[in-house]
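*Asks:* This is the structure I have questions about; it appears just below.
Rule-based calculations on the coordinates, nothing more; no lab input. Since we're looking at a predicted model, the values are computed, not measured. As a convention, Cβ positions derive from the backbone with ideal geometry for all residues, glycine included, and neighbour counts pool all protein chains shown.
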Amino acid sequence: MSRLFHTLVAALVVMVTAMAARAAEPVSIPVLVPITGFLALEGTAQRNGAVLALDTPPAGVSVTYEVSDTATSPEVAVTALRRALDRFDPVAIAAPIFGTQMLAMAPIANRAGVPLITVSGTAKITELGHDVVFRFFPTDAVVKVAQARYAVRELGVKRPAILYQTTAYGQSGHGHLVRTLAELGIAPVLEEAIDPGIKDLLPALERARAAGADGLLLQLHSGPTALAVRQAHGLGLGLPIVAGSAMHQPSTAALLDPAALKGVCAETASAPIADARPAVKAFAVAFEARFGTKPDAFALGQYDGVRMVLAAVAGGARTAGAVRDWLAANRYEGLAMSYVSDGTGNMAHDAIIVCYDGNSRVPRIVKRYDAVDGIR
Amino acid sequence: MRAIDRRGWVYALMALLGFAALAAAGDGYALRIATLVGIYAIAAIGFQLVFGHLGLLALSQGAFFGIGAYALALATVELGVTPLPGLLIAVLVPALLGALVALPVARLESHYVALATLGLAQLALLLATNLEVLGGANGVYGVPPLTVLGVNLAEGWPMLVAVWLGVALALALGGWATAGRRGARLTTLRDAPLAAPALGLDPMGYRVGMFALAAGTAGLGGGLQALDLGVVSPAVLRFDVMVTLLAIAVVGGRGSGLGAVAAAALLVPLPELFRGFESGYLIVYGGAMLAAIVLLPRGLDGALARMVPRPAPIPPRQGTVPPRLGVALRVEGLSRRFGGVVALDGVSFTVPSGRIVGLIGANGSGKTTALNRISGLDRVGGGEMWLGKTRIDTLSPARRARLGLARGFQHPEIPADLSVFEVVVAAAPSGEAAMAALDRTGLIDRAREPAASLGPAARRGLDLARALATGPSVLLLDEPAAGLTAEERDRLSSLLRRLAREGRALLVVEHSMDFLLPLADRIICLDAGRVIAEGTADTVAADPAVRTAYLGREVVS
C-alpha cells in the first residue's frame, strides 16, 4: 500500500512538473504583415501593434515570434504562412491587413487549424466558412454605415460625391457606402474610381464640384486621402469631407497642414491618440516610446487581437485548436472596444467618427456608433 | 546529327543536388519554394524564346502568366471545368492572345516592342482590377486544387511533381522550337536582321509562332500558380512578375532554357533567405541581383559555356543545292528618293542568266540603293522588277529570296553564336545543301568552327555560301572582293565565273576595277542615280562620261 502510494505521488509529481514545464514552454505567434509595398504604412502599424503585445505577455505566458513581410501579393503571403506553419508550430498568426492575401491564406490555415488574427476589412474573408479567421477591426458593414450616417444625419449632406480606390479596400467600401446611402434615401452625384498611382486628384475634385456635390466621401488609401484633402483645400472646394479610416492615421495627418484638415472627419474603429481613457493613453505612450511613431486604429486593433490570443494562452489554451475555440467562444475587453465573435470571426462591431479642428493634427472623437451590425 | 552537350550533365547534377537538399529539408515550406521555382521556371523558359532567341524585349510575358492564371480560375470557378482541362485552357487562351498580339508587335523593333508590350500588360492589369467579371481587386478565389484520377495534388510532393513535369514539358517544347536548323534560323533573325529576309527567312512567321509558344508556356506557369494558391488576384498581373521573369532570363543566360531553370532556383528562394532583414530585405535582394548581373554578364549558362563549351553540331554529308537556272533579272524605271536627294532615277537594265553584270559608280551614285530595292530590303520608290516572268517589286524580301533571288552584303551580318555550318544551314533547305555551299566557297573543312573565329575573307566566303545555300538563280553581290588578297580574289573570280556558267545571273557591285572589269560580261555605270553608260568592260571604261564621273580623267602634262 505504502509502495503504491509512493508510486502515485511520484507519478503526480512528474505530471505536475511536466504540465508546469509545458505551461512555461513558449508558444509561437508569428507576425506575417505587409511591411513593404503600397500597404507598408498599414502593415507596419499592424506589425508594431502585434510586437508591442507580444513583447509584454501576461504573467506565466512565454512567447516567441518572428516578423515576415508578406509584401502585397498572395504568393508571398502563402509562402510566409507555409514557413510559419512548418517551422514554428504556431498557436495563432498575426495575419495581413491585405484582404487578397487573407483569401489565399485562409484555406491553408483552415486545413492546419491555426487562427489568423487580422485587421483586414475585406468582407469575404469571414464569409467563406473558415473558422480560423478572426478580424479585430470592424468590417465595411460597420464603418461605412457610420461614415454615411454621419455625413447625412450629422452634416446634412444630400448630394455626396464618392471617390474610391481601385483596390479591394476601395471597391468594397464603395459598395457599402452606396448601399447605406440608398437606405438613407440619398443618391451620390458622382462615384469615381481612383487608381492608387494617380498623383493629381484635381480633375476628380473638379468633377465633384461640377456635379453639384455638397459633401465628399473618401474611400482612399493613406497617400491619396492626404492628396485629396490637400487639393480640396487648395481648390477652395469648401465641402465637408468624411473620409475612410486612412484619414484617422497620424501618418496621414502628418502629410497635411492642420489648416487643410479643418472640417475633415473620418470613420475608424478607434483613435488611440485622441482617446482620453487612461489605458488607451498608456498604450499610445508605450507605442510611441517603442517605435517612435504614433499608433493608429490598425495598430490598436492588432494589439487587442494578439492580446486576446495571449489571454487565451494564459487561460490554458496551449494549442492552435484550443486558441481558436477560445477566441470563438469568449468576449474580450480590449483597449479599443469589447470584442466578441459574431459566429464568423468578426470580432469588432463598433465605429467612431473623428474630426479635425484645423488647429492640430490630433482629431477629436465626435460620435460613437456601437454595435452597428447588431452584435453586442 | 547532334553532338553531345556535356553541359546537360552539369545541369542534371545540379538538379540532383537540388532534389537531394529538398528531400533532406523535406517540409512543406521547402516544397513550396521548390514548387514556386518550377512555376517561374516554366514562364521564364517561354520568355527565353522571345527575349533570348528572337532578341525582343517583350514585356508582356508577365501579363500572359497572369492571363493564364485568370483563365484557369474563371474556367474552374465560374464554368465548373475541372483543373486538368482548366490547365489546357490556361495554355490556349494566352497562346491565342500571344499570336494576336504578335501580329502588330512583330513589325516593331527594339524599344518599340518593349513599349507596345508594356502597354498590353498595363491594359490587362487595369481590366483585371476594374472588371467585375474578373473579381475586381479581390480577384477570383476558391480555385479547386489539382486532382488527377481522383488523387489530390493540392500541395507538398504531389504538387511539386506536377509542376516539375510542367518544367520538363516547357523545356521539351523550348528545345524543339530552338533545335537544329530552326534554332539557327532564329539566331539569324536575331543577329542578322538585315540579312535574314534576304535569305528567305520571314520574321513575321517566326515571331508570331514564338510569341504564341512563349505566351502558352507563361499561361501554363500562371495556371499552375492559380492551382497552387487557390486565389488569383490582379497582383499576378503586376509588373513585379515580369521583372522576376526578366531577371531569371538575364541571370540564366540569353536563350537558355536550362539556364532559366537554374536562375529560377537561385533567384526565387533568394528573398526567403533575406526575410530576416524585415523591411531591409529588398535592399539586400537588390544588391544580390546586381552582383549576379555584374559577376555573370552572360548569365549562368554563359559562364558554364566558358568552362564546358557547347559543341557545334556534327554536319551531315555533302549534298547538292539544285539551282533554279535560266531566270533573268529585269529592272525597269527603278527610282528612289531620300527627301530631296534623288538616289535612283529611272534605272533600267537586265541581268541575263549565265552572265555577270558589274554595277559601278562613285560613292553615293545609287549602287547599294539599287541592290536594296531589288532585294526588297527597301520597298519604297517606283519602277518594276521582274525575276523571269514574275514581277517581284510588291513581294517581301523573303518571298523574293524564295523565288531565287539571293544577296551578299558589303558588311556581312554573321551571328557570332553559331558555327560556320549553322550560319549556312539557316538559309539552306537541308544540311546536305549547306555543306555543298560550304564546299563551293572552300569552307567545308571549317564547318564546325565558331563563325566568330573567321577572318574577314572567310566571313565574305561564308556570306556567299549562305546566299548560295538558298539555291539562287540570281545573285546580287555588294563589293565581294573588298579586303581580299590577290590570291583570294582569283579564287573568288573563278567561283563567280563557274556560278555564271552554270546558268545563274550575277549582279556585282564593286569598286575594284581590276577585279570587276575582267570578270563582268557587261558593265553598268551609275552616276547620281542614273545609268550613264552600259556595255562591255572596254566600252564603258572608254566612255568619257564614265571617266569623268567615276574612273577619272588622265592628266596630260
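*Asks:* State, to one decimal in nm, how far the label point of A:GLU191 lies from the label point of A:ASP373, with both points 7 Å from Cα in the Cβ direction.
*Replies:* It is 2.2 nm.
*Asks:* Based on the mean of other beta carbon atoms within 10 Å per residue, what is the order of B:9-18, B:114-123, A:142-151, most packed first?
*Replies:* The most tightly packed comes first, giving A:142-151, B:114-123, B:9-18.
*Asks:* Among B:361-368, A:164-171, B:176-183, B:419-426, how do they line up from the highest to the lowest mean number of other beta-carbon atoms within 10 Å?
*Replies:* B:419-426, A:164-171, B:361-368, B:176-183
*Asks:* Averaged over peptide A:191-200, how many Cβ atoms belonging to another chain are found within 10 Å of each residue's Cβ?
*Replies:* The per-residue average across the peptide is 1.
*Asks:* Take A:ARG207 and A:ASP55, extend 7 Å from each Cα along the Cα→Cβ direction, and tell me the distance between the two endpoints in nm.
*Replies:* 4.5 nm
*Asks:* Now for a separate question. With an 8 Å Cα cut-off and a minimum separation of 6 or more residues, compute the relative contact order for the stretch B:27-237 in percent. Spell out each step's value before the answer.
*Replies:* On the way: 370 pairs, mean separation 97.0, N = 211.
Over the stretch B:27-237, the number comes to 46 percent.
*Asks:* Next question. Which of A:GLU42, B:GLU488, B:GLU479 comes first, and how do the rest follow, when ranked by fewest Cβ neighbours within 10 Å? It would help to have the intermediate numbers written out before the result.
*Replies:* Values: A:GLU42 29, B:GLU488 17, B:GLU479 20.
Neighbour counts put them in this order, fewest first: B:GLU488, B:GLU479, A:GLU42.
*Asks:* Additional query: Could you rank the peptides B:203-211, B:58-66 by their average count of other C-beta atoms within 10 Å per residue, with the highest value first? Working shown, then result.
*Replies:* Numbers: B:203-211: 20.6, B:58-66: 30.9.
The densest-packed peptide leads the list: B:58-66, B:203-211.
*Asks:* What helices does chain B have that are whole DSSP H segments, at least 24 Å long along their own axis by Cα, and with mean Kyte-Doolittle hydropathy of 1.6 or more?
*Replies:* B:28-47, B:83-105
*Asks:* Here's another thing I want to ask about it. So if R0 is 60 Å, what FRET efficiency would B:ALA23 and B:VAL341 give, r being the distance between their Cβ atoms, rounded to the nearest 0.05?
*Replies:* Result of the calculation: an efficiency of 0.25.
*Asks:* Assign one of three labels to the stretch B:166-263, namely rounded, prolate or oblate, based on the Cα gyration tensor with a ≥ b ≥ c the square roots of its eigenvalues; rounded applies when a/c is under 1.5, prolate when it is not and a/b is larger than b/c, and oblate otherwise.
*Replies:* It is prolate, given that a/c is not under 1.5 and a/b is the larger ratio.
*Asks:* Then there is this: Averaged over peptide A:91-100, how many Cβ atoms belonging to another chain are found within 10 Å of each residue's Cβ?
*Replies:* The shielding value for this peptide is 2.
*Asks:* Averaged across orientations, what area in nm² does the convex hull of the alpha carbons in the stretch B:148-191 project?
*Replies:* In nm², the orientation-averaged hull projection of the stretch B:148-191 is 4.3.
*Asks:* Could you give the size of the charge dipole of the stretch B:329-551 about its Cα centre, using +1 on the Cβ of each K and R and -1 on the Cβ of each D and E, expressed in debye and rounded to the nearest 20?
*Replies:* Once rounded to the nearest 20, the dipole reads 620 debye.
*Asks:* For helix A:168-183, what angle does its Cα long axis make with the longest principal axis of chain A, in degrees from 0 to 90 and rounded to 10?
*Replies:* Once rounded, the angle reads 60 degrees.
*Asks:* Using 0.36 nm per residue, how much length does the chain from B:VAL243 to B:ARG399 gain when fully extended, once their Cα-Cα distance is taken away? Intermediate results must be reported in sequence, preceding the final value.
*Replies:* On the way: separation 156, 0.36 × 156 = 56.16 nm, distance 3.78 nm.
Stretched fully, the B:VAL243-B:ARG399 segment lengthens by 52.4 nm.
*Asks:* Expressed as a rounded percentage, what relative contact order does the stretch B:353-481 have, with Cα pairs under 8 Å and six or more residues apart?
*Replies:* Normalised by residue count, the contact order of the stretch B:353-481 is 29 percent.
*Asks:* How large is the translational diffusion coefficient of the protein assembly as shown in µm² per second when you combine the Kirkwood radius over alpha carbon pairs with Stokes-Einstein at 4 °C and 1.567 mPa s?
*Replies:* Estimated diffusion coefficient is 40 µm²/s.
*Asks:* Dipole of the protein assembly as shown (Lys/Arg Cβ +1, Asp/Glu Cβ -1, origin at the Cα centre): which of B:ALA537, B:ALA44, B:LEU194 lies farthest to the positive side?
*Replies:* B:ALA537
*Asks:* Take the Cβ-Cβ distance between B:LEU108 and A:ALA259 as r, set R0 to 60 Å, and report the resulting FRET efficiency rounded to the nearest 0.05.
*Replies:* Approximately 0.70, to the nearest 0.05.
*Asks:* What percent does the relative contact order of the stretch B:329-551 come to when contacts are Cα pairs within less than 8 Å and at least six residues apart?
*Replies:* After rounding, I find 28 percent.
*Asks:* Please say if the stretch A:276-376 is rounded, prolate or oblate, where rounded means a/c under 1.5 for a ≥ b ≥ c the square roots of the C-alpha gyration tensor eigenvalues, and otherwise the choice is prolate for a/b larger than b/c and oblate otherwise?
*Replies:* Here the stretch A:276-376 falls in the oblate category.
*Asks:* Across the Cα atoms of the stretch B:424-495, what radius of gyration and what greatest pairwise Cα-Cα distance (Dmax) are found, in Å?
*Replies:* That works out to 11.7, 33 Å for Rg and Dmax.
*Asks:* Compactness ratio of chain A: Cα Rg over 2.2 N^0.38 Å, N = residue count?
*Replies:* Numbers: Rg = 22.4 Å, N = 376, 2.2 N^0.38 = 20.9 Å.
Taking the Cα Rg and dividing by 2.2 N^0.38 Å, one obtains 1.07.
*Asks:* Could you work out the Kirkwood radius for the stretch A:131-248, taking every pair of different alpha carbons, averaging 1/r and inverting it, reported in Å?
*Replies:* When all Cα pairs of the stretch A:131-248 are included, the Kirkwood radius is 14.2 Å.
*Asks:* Moving on. Among the listed pairs A:LYS294/A:LYS367; A:LYS199/A:LYS294; A:LYS158/A:LYS294; A:LYS158/A:LYS281, which have their C-alpha atoms separated by more than 31 angstrom in this model?
*Replies:* Working: A:LYS294/A:LYS367 22 Å; A:LYS199/A:LYS294 26 Å; A:LYS158/A:LYS294 35 Å; A:LYS158/A:LYS281 37 Å.
In this structure, A:LYS158/A:LYS294; A:LYS158/A:LYS281 exceed 31 Å between Cα atoms.
*Asks:* Using the beta-carbon distance between A:ARG111 and A:ASP200 and R0 = 35 Å, what value does 1/(1 + (r/R0)^6) give for FRET efficiency, to the nearest 0.05?
*Replies:* 0.15
*Asks:* Shape of the stretch A:331-376 from its Cα gyration tensor (a ≥ b ≥ c, root eigenvalues): rounded if a/c is under 1.5, otherwise prolate when a/b > b/c, or oblate?
*Replies:* Prolate, because a/c is 1.5 or more and a/b exceeds b/c.
*Asks:* Sticking with this one: In Å and on Cα atoms, what radius of gyration and Dmax does the stretch B:329-551 show?
*Replies:* Cα only, the stretch B:329-551: 17.0, 50 Å (Rg, Dmax).
*Asks:* Another one. Using the eigenvalues of the Cα gyration tensor, what equivalent ellipsoid semi-axes result for the stretch A:94-186 when each is taken as the square root of five times the eigenvalue, whole Å, largest first?
*Replies:* The three semi-axes for the stretch A:94-186 are 31, 12, 10 Å.
*Asks:* Which trypsin sites (Lys or Arg not before Pro) from the stretch B:389-466 combine a DSSP loop assignment with at most 15 other Cβ atoms within 10 Å? Write out the running numbers ahead of the final one.
*Replies:* Working: sites: B:LYS389, B:ARG391, B:ARG399, B:ARG400, B:ARG402, B:ARG407, B:ARG440, B:ARG446, B:ARG448, B:ARG459, B:ARG460, B:ARG466; in loops: B:LYS389, B:ARG448.
Counting only loop positions with at most 15 other Cβ atoms within 10 Å, the trypsin sites (Lys or Arg not before Pro) in the stretch B:389-466 are B:LYS389, B:ARG448.
*Asks:* Quick check on chain B: what are the equivalent-ellipsoid semi-axes from the Cα gyration tensor, as sqrt(5λ), descending, whole Å?
*Replies:* Each semi-axis is √(5λ); the values are 54, 25, 20 Å.
*Asks:* If we count other beta carbons within 10 Å of each Cβ, what is the order of B:LEU507, B:LEU131, A:LEU128, fewest first?
*Replies:* By the 10 Å Cβ count, ascending, the order reads B:LEU131, A:LEU128, B:LEU507.
*Asks:* More than 23 angstrom separation, counting every C-alpha pair in the stretch B:27-237; what % is that?
*Replies:* Percentage above 23 Å: 44.
*Asks:* When Rg is the radius of gyration of the Cα atoms in the stretch A:293-350 and Rh is its Kirkwood radius, what does Rg/Rh come to?
*Replies:* Details: Rg = 11.6 Å, Rh = 11.7 Å.
Using only Cα positions, Rg/Rh for the stretch A:293-350 is 0.99.
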